[in-house]
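Have a look at the structure below before the remarks.
Each reported figure results from applying straightforward, stated rules to the coordinates on display, with no laboratory input. This structure is a prediction, so every number in the text was calculated from the model and none was measured. Positions of Cβ are generated from backbone atoms using ideal geometry, with glycine treated the same way; all protein chains shown enter the neighbour counts.
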Amino acid sequence: IISAAATKMYTPIFRMRRVYDTAVVNEVGATADGIKTLYNFQLANRPVCPSSVKITFTDSGGTKTVKIADDGYGNIGTIPQEMYLLSLLRSSIDYRTGDVQLSFATANKPINTSSILVSYEYDSTGLAAETEYKIRWLYE
């Protein structure tokens, strides 16, 4: 016999990606100067949909287009399938304001004159009160 306390079960938090109505492709967030390792810029449209942000630029070697993305929690990092050892320090996005901060290790900064291009989805109605949805299931 299983006690009532033993049957109480909590499932993990599930993330649901909201589909926003407008996509932006290759907005220029910044233009690299080949010297700076820190870039701060604001996206033109917001609120931004979590897990929709994709950023591309040419690396400091000038030979590879690097792809990075957000994780749905405001952190920005390398896309695992790229297998590119990119050091991003304190890189993030604020989904409500569209503020992006990219901090690169010196060896992995964007090449001079490389455009840092951002593709993302946003809510053009501006009515989205929450950009992240979580569901917690509780069984008793």
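Note on Glu27 and Thr113: their simple-model spin labels are 2.6 nm apart, each label 7 Å out from Cα toward Cβ.
Taking all C-alpha pairs of the stretch 37-78, those more than 16 Å from each other amount to 45 percent.
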